[in-house]
Amino acid sequence: MRAAVALFAFLTVSSLAQAPAASKSFVIADVHVSPFNANPFMHGNSTQGDRYFLTQASMLDLIATAYGVDAANVQGGPTWLERDRYDLRAKVPAKITPDDIKLMLRGMLAERFHLVVKAGSAPLPAYVLTSEAGKPKIRESEGTDEGRCMPAPPPPNQPAGAPSYRILNCKNMAIPALADTIHLFAGDYLGQPVVDETRLAGTYDFTLKWSGKDQLEKQGADGISIFAAMEKQLGLKLELKTAPRPVFQVASVDEIPTPNAANIAEALPEPPASPFEVATIKPSTPGAEGYGRITGDQIETRAIPLMFLIRFGWDLNPNNKESVVNAPAWLDSTKFDIVAKAGANVRVDKFASGNLINYEDLRNMVRAMVADRFQMKWHMEDRPITAYTLTAMKPKLKPTTDPTERTKCKEGPGPDGKDPRVTSSVLNRLVTCQNMTLAQIGDELQRVANGYIYNTVVDGTGIKGSYDFTLSFSSADKVQPGAGDAAVGSDPNGALSVFDAVSRQLGLKLEKTKRPSPVLVIDHIEETPTEN
């Protein structure tokens with residue numbers, strides 16, 4: 001159905017031609033399927049010296065990045081376009097521009113994945129950013145630093161029950177970049193791309209304050225929607241409109257890339273580990289509110305227990321209490337303030353809001369800092385821990401309506417538009433999935449319900465085919481202690497665990513079991529860090 005609509009849209013445009021071929025190429029490129037990640041997101045898209053890298057990118061991400069469009073502007077393609085993930089490392093020539101990188105990506109996709117896309121236009125919905133009559137209510141920047149927007153920390157000593165807001169402090173920000181940033185930070189309001197039509201040049205300094213969508217109704221007169229904040233604070237208007245926009249139709253693409261060059265390991269060696277250049281660690285003030293942020297090449301935490309950093313550094317689910325063995329009690333109770341700065345040659349992840357330390361490198365830096373400053377000795381080993389198997393009871397699954405639809409899930413209502421979140425704040429999760437096998441449903445449950453499920457769910461249903469479904473449940477923090485167990489019923493406060501939701505709404509069961517999985521074993525750790 002969606003494919004037919006997309007095809008019709010293309011038949012109505014005046015021009016339909018294959019996208020122009022790339023004229024630049026990487027010197028050499030390592031592209032391969034990404035290792036499994038329970039919470040994948042594309043990051044990287046930046047160069048360091050003569051190296052370019054992109055991590056955990058779906059084919060949709062790769063195409064959108066290569067052609068410089070929003071993912072919504074890439075249409076058609078095989079079912080796996082949004083699900084399969086790839087890592088790319090490449091050597092680039094000297095003196096290249098961001099536009100050169102796009103051309104190189106196009107060339108790589110054509111050569112290694114045999115990608116063919118058709119360029120055209122089609123009517124698409126988008127939030128259009130415009131400037132009201134007169135000048136906007138923002139101050140032109142006098143600085144020359146790279147533009148960035150950073151979330152502000154929560155106010156200190158805020159009274160219990162006081163309204164909480166999202167606050168962005170932006171410096172040297174161009175309006176086109178602001179459009180991408182707002183889409184990133186206010187995604188709960190903005191389900192479509194944000195398009196800049198302000199025609200405002202230059203860069204600006206401003207602060208933007210608004211309520212999260214889940215807080216808006218609770219805050220009553222104190223609530224500020226993102227639309228009201230943009231208009232009243234910045235003098236900019238956000239409106240949902242449908243208009244012809246450039247799109248790219250995926251005509252064909254391979255799922256598996258052609259093999260890397262035989263000498264890829266020698267030609268593209270892994271970069272050496274880069275620890276923090278400096279790290280200051282101090283005991284926290286008693287009663288201080290926990291807080292953490294990353295600003296460019298620096299991280300800052302306040303009143304954070306060391307266990308939080310350990311779980312981040314070793315890439316462990318923060319909800320899984322079985323993933324760390326031999327942990328002394330103080331790891332969860334003793335809190336620290338940390339300011340750490342990366343070296344000048346650190347890799348960065350490029351986002352609309354600015355550049356941040358590369359996610360994988362940051363994990364390695366945090367791990368090295370904890371091991372060094374707290375004299376931690378550790379090893380990994382497989383131990384039996386809690387896991388789940390998906391079994392069939394009385395399946396209520398609906399066969400997919402269109403087997404050509406992309407396999408994917410989204411947070412939000414299905415085709416019927418019903419949204420339990422509107423009437424129940426405790427039923428705060430609503431996941432809609434399409435064209436998924438039972439094995440894929442098991443993988444997705446680990447991602448969307450990681451407060452309950454910490455390892456890959458094994459499909460034991462024996463059910464074949466692909467299905468569409470919507471699952472309404474409560475996040476784990478809404479369920480009373482003990483009610484997050486597969487054997488426990490729904491909570492007295494109206495919360496519904498993911499286990500009950502799967503049983504009642506899908507007619508399936510998540511059976512609790514034990515399976516060997518890697519755990520972190522702490523052999524030694526000091527409570528007092530070495531001196532700064």
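The values are calculated or read from the model by the stated rules, or taken from the named source; none is laboratory data. These numbers come from a predicted model, not from an experiment. Note that we place each Cβ from the backbone using ideal geometry, even for glycine, and neighbour counts take in every protein chain shown.
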Subject >> Wholly within segment 178-279, strands (runs of 3 or more DSSP E) carrying at least 2 residues that are over 30 Å from residue 59 (Cβ atoms) and charged (D, E, K, R) >> reply: 203-210, 236-252
Subject >> Residues (under 21 Å from the mean Cα position of the chain (by Cα), surrounded by 15 or more Cβ atoms within 10 Å (Cβ to Cβ), over 25 Å from residue 145 (Cα atoms) and not aromatic (Phe, Trp, Tyr)) located in segment 189-217 >> reply: 190, 192, 193, 211, 212, 213
Original post:
Looking at this structure, is residue 333 under 30 Å from residue 181 (Cα atoms) and either touching a Pro at 6+ places or on another chain (Cβ under 9 Å) or modelled with pLDDT under 95 (or both)?
Top reply: no
Original post:
Quick one: is residue 223 more than 25 Å from the chain's Cα centre (by Cα) and over 30 Å from residue 143 (Cα atoms)?
Top reply: yes
**OP:** Scan 302, 245 and give me the residue that is closer than 25 Å to residue 160 by Cβ, surrounded by 17 or more Cβ atoms within 10 Å (Cβ to Cβ) and not polar (S, T, N, Q).
**Re:** 302
**OP:** Scan segment 415-435 for residues that are surrounded by 19 or more Cβ atoms within 10 Å (Cβ to Cβ) and either under 29 Å from residue 494 (Cα atoms) or over 23 Å from the mean Cα position of the chain (by Cα) (or both) and jot them down.
**Re:** 427, 429, 430, 431, 433, 434
**OP:** Restrict the check to segment 383-400 and report whether at least one residue is without any contact (Cβ under 8 Å) to a residue 60 or more places away in the chain and surrounded by 19 or more Cβ atoms within 10 Å (Cβ to Cβ).
**Re:** no
Original post:
Do we have residue 339 as touching a residue at least 24 places away in the same chain (Cβ under 8 Å) and outside any strand (DSSP E or B) here?
Top reply: no
Subject >> Test result for residue 466, over 18 Å from residue 390 (Cβ atoms), in contact (Cβ under 8 Å) with a residue 24 or more places away in the chain and not assigned by TED's automatic domain parsing to the domain that holds residue 316 >> reply: no
Subject >> Failed criterion for residue 465 (all others in (1) touching a Leu at 6+ places or on another chain (Cβ under 6 Å); (2) modelled with pLDDT of 95 or more; (3) not in a strand (DSSP E or B) hold) >> reply: (1)
Original post:
Of these, 174, 179, which one is among the aliphatic types (A, V, I, L, M) and more than 21 Å from the chain's Cα centre (by Cα)?
Top reply: 174
Original post:
Which of the following residues is touching a strand residue (DSSP E or B) at 6+ places or on another chain (Cβ under 8 Å), closer than 30 Å to residue 476 by Cα and either acidic (Asp, Glu) or in the same structural domain as residue 53 (by TED's automatic domain parsing) (or both): 231, 289, 239?
Top reply: 289
Subject >> Among residues of segment 312-336, those that are surrounded by 18 or more Cβ atoms within 10 Å (Cβ to Cβ) and out of contact with any strand residue (DSSP E or B) (no Cβ under 7 Å at 6 or more places or on another chain), counted >> reply: 2
Subject >> Flag if residue 212 is in contact (Cβ under 8 Å) with a residue 60 or more places away in the chain, of a type in the set (Gly, Ala, Ser), assigned by TED's automatic domain parsing to the domain that holds residue 150 and out of contact with any His (no Cβ under 7 Å at 6 or more places or on another chain) >> reply: no
